[in-house]
1. For segment 441-464, does any single residue satisfy the condition of being more than 30 Å from Trp16 (Cα to Cα), hydroxyl-bearing (Ser, Thr, Tyr) and open to solvent by 20 Å² or more (accessible area, probe 1.4 Å)?
2. Which of the residues spanning segment 411-447 are out of contact with any His (no Cβ under 9 Å at 6 or more places or on another chain), farther than 25 Å from Glu258 by Cα and not hydrophobic (A, V, I, L, M, F, W, C)?
3. Please determine, by comparing only the residues of segment 125-141 that are open to solvent by less than 20 Å² (accessible area, probe 1.4 Å) and in a strand (DSSP E or B), which one is farthest from Ala160 (Cα to Cα).
4. Considering only residues that are open to solvent by 20 Å² or more (accessible area, probe 1.4 Å) and within 22 Å of Leu14 (Cα to Cα), which ones fall in segment 148-178?
5. Do we have any residue at all in segment 88-98 that's free of Cβ contacts under 8 Å to residues at least 40 places away in the same chain, in contact with a Phe, Trp or Tyr (Cβ under 6 Å, 6 or more places away or on another chain), closer than 26 Å to Arg169 by Cβ and polar (S, T, N, Q)?
6. Quick one: count up the residues across segment 94-124 that are within 31 Å of the chain's Cα centre (by Cα) and either hydroxyl-bearing (Ser, Thr, Tyr) or not in a helix (DSSP H, G or I) (or both).
7. Would you be able to say whether some residue in segment 394-408 is of a type in the set (Lys, Arg), farther than 19 Å from Lys18 by Cβ and not in a helix (DSSP H, G or I)?
8. Among the residues that make up segment 239-262, is at least one of them open to solvent by less than 10 Å² (accessible area, probe 1.4 Å), under 19 Å from the mean Cα position of the chain (by Cα) and among the polar types (S, T, N, Q)?
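The values are calculated or read from the model by the stated rules, or taken from the named source; none is laboratory data. Being a predicted model, the structure only gives us computed values, none of them experimental. For neighbour counting, all protein chains shown are included, and Cβ atoms are generated from backbone atoms with ideal geometry for every residue, glycine included. Areas reflect the complete protein model, heavy atoms only, side chains present, ligands, DNA and RNA absent. Shrake-Rupley method; radii C 1.70, N 1.55, O 1.52, S 1.80 Å.
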Amino acid sequence: MSFDLVLFGGTGDLAWRKLMPALFQAWRHGKLPGDGRILAVARDERSDAEYRSHIRARFGGVDEAKQPSDEEFARFAELLHYRRMDLSRPEHYAGLRQWLDARAADTVVVFLATSPHLFVPICEQLGRAGINGAHVRLVLEKPLGHDLASARRINEAVAAHFREEQALRIDHYLGKPAVQNLMALRFGNALFEPLWRRESIASIQITIAESIGVGTRGDFYDQTGALRDMVQNHALQLLTMIAMEPPSTSDADAIRDEKLKVLKSLKPFTADSVAHDVVRGQYRAGVVGGQKVPGYLEEAKVPAGSATETFVALRTEVRNWRWAGVPFYLRTGKRLAARDAQIVVAFRAVPHPIFPGTRQANKLVIKLQPEDGLELHLLAARSGGDGNETLSPVSLDLDFDRAFATERVGGYERLLLDAIAGRLNLFVRSDEQEQAWRWVEPVLEAWRADPQAPRPYVAGSWGPAASSALVARDGCAWAEEL
């Protein structure tokens, strides 16, 4: 199969930091279709050779195991091409159309790795130039809008020129191997399904923690914040995969229909419930990894006195028969104690303890980063030799990297290959995206109306103390506090 991948924003941060390394790994693993071209589009004037040199230099920043040798990169670079485009000029799109038509590849993937405010004009220009045929797929990188209204404008512009099945809204978390294993865990095994409901599960918590700060992206982040950056997309997608009903088939729309039902079943926020069930914070100076780090307000390009949140913790519920009354806790933040992403499913304690000592409940920990795997925490008897059996915690630990000998495919690598092949299961549909915005928007509105600044927390901690109090009201605790 022949393909052309057109990368708008080809000289941007996302292109060289994530997309090009992912494409190289796909090529190295022999997964990238052989007859392909990768065309980077940007405003700068440069030749193919200059662009290849630019990307080669950027590979010095990736993990050592993923760096190409000179010979490898020379062969991979044969796929790379560059084209200067002014995104406001129709004649430049006409030139792009001619470049594509000269070869007439089986599949054309157009990846928008630009600022979201350019999505609408790019889609309009692509449509006018005729770069929207049935063989064209449009990939849109988050953030997809700033609120529900802007998300709708983007979706309307996409729908005016592309069919829904041509529009692939990417969420790189869905490409992570451990996230893909959520589906296998739930729907490929009979073990957990009888327990996957309110009668057996006490609570579910989803944590996406980062130890890094905003770095040089302070101006971008200040317009986004943790709720938009992580909760509206990554955390909610994880929640839907944990809470969804079994789909009738593995078809993309069957899966996405069930995810949409979960989003529509989430307990809606009001101004009062935001004050009670949502904690927002902002990091102050502290120590992370043994190094002193500045507070958010001291970061480059962050406006003085900014009230943008770098931490969010919230409590919600899925209001249906399976999950009624089970609290779901979502937490994300920057400059936390560790880089960690995991889902903790806490099971209910036994109804009548017959062993002395702990009543610690079982839990399933689904680890997403920095490593991915599963831990099942159980209780086992430890005899003291006096006839009295006491229970001690033990765990069954599955490390996916050890379990699967071959090198595993990364998130962006998987999603780029799916985009080229037309597999839609791991991409977000427009109605899912809009429903997620509809759910978080009351939180944004309540914060705009609330003059109270985000709660401060020290960099290197696990966030504001109010986050612990949020879960403690239900008799729960965050995983690191157990």
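1. There is at least one residue in segment 441-464 that is more than 30 Å from Trp16 (Cα to Cα), hydroxyl-bearing (Ser, Thr, Tyr) and open to solvent by 20 Å² or more (accessible area, probe 1.4 Å).
2. Glu445
3. This residue is Glu141.
4. His172, Lys176, Pro177
5. No, the conditions are met nowhere in segment 88-98.
6. The qualifying residues number 11.
7. no
8. yes
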